[in-house]
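Note sheet for the following structure.
Read-outs throughout are calculated quantities, based only on the coordinates presented, and are distinct from any laboratory measurement. This structure is a prediction, so every number in the text was calculated from the model and none was measured. Positions of Cβ are backbone-derived with ideal geometry, glycine not excepted, and every protein chain shown enters the neighbour counts.
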Amino acid sequence: MKGPDQQLATRAFATVQGTVGLLLLTRPDDVVATLAPRPDRPPRWLVRLLGARRVVQEAVIVVVPTRRVLLLGAATDTLHALSMVAAAFLWPGLRRAASVSATGAAVSAALELVAAGAADHT
């Protein structure tokens, strides 16, 4: 898929991801309780910070879905995934939440790389 269809698909995925970020930002306790129902939970401020980062990142992708922006998004998500793998080892009580976050970031990075390969080279 290339051209307008690719941009539409990229924007749609970014919108879904941005919505997830908005939920993390506005309803952190509900999201964590659903995805990682354990007594040990990440601090609310940290979940909100992740949500805010996700909202900003995805808004940029929706507005400017260029190859460069998608590659920067993929790099950001890759770094996030790696940091969550480290967090899972450092804080065993938060392993489930960190693993869910790492998996989501890795999937997002992979899809951004695929989209970047089909995007205009700008």
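Based on the Cα atoms of the chain, what semi-axes does the equivalent ellipsoid have, where each is the square root of 5 times one gyration tensor eigenvalue, given in whole Å with the largest first? Walk me through the numbers before you get to the answer.
Values: eigenvalues 156, 43, 21 Å².
So the equivalent ellipsoid measures 28, 15, 10 Å along its semi-axes.
Multiply the residue separation of THR103 and THR19 by 0.36 nm, subtract the distance between their alpha-carbon atoms, and state the gained length in nm to one decimal.
Gain in length upon complete extension: 28.5 nm.
Spin-label point model (7 Å from Cα, Cβ direction): what's the ARG38 to THR26 distance in nm?
With each label point 7 Å from Cα toward Cβ, the separation is 2.9 nm.
Mean Kyte-Doolittle of at least 0.0 plus a Cα span of 15 Å or more along the axis: flag which DSSP H helices in the chain meet both, please.
On the way: long enough: 4-26 (32 Å, 0.52); 44-63 (29 Å, 0.92); 67-90 (34 Å, 1.18); 95-118 (35 Å, 0.91).
Membrane-span-like by this rule: 4-26, 44-63, 67-90, 95-118.
Is it possible to state the helix-based mean residue ellipticity at 222 nm for the chain, with each DSSP H run of 4+ residues giving -39500 (n - 2.57), the sum divided by total residues, to the nearest 500 deg cm²/dmol? What is it?
Per the formula, -28000 deg cm²/dmol.
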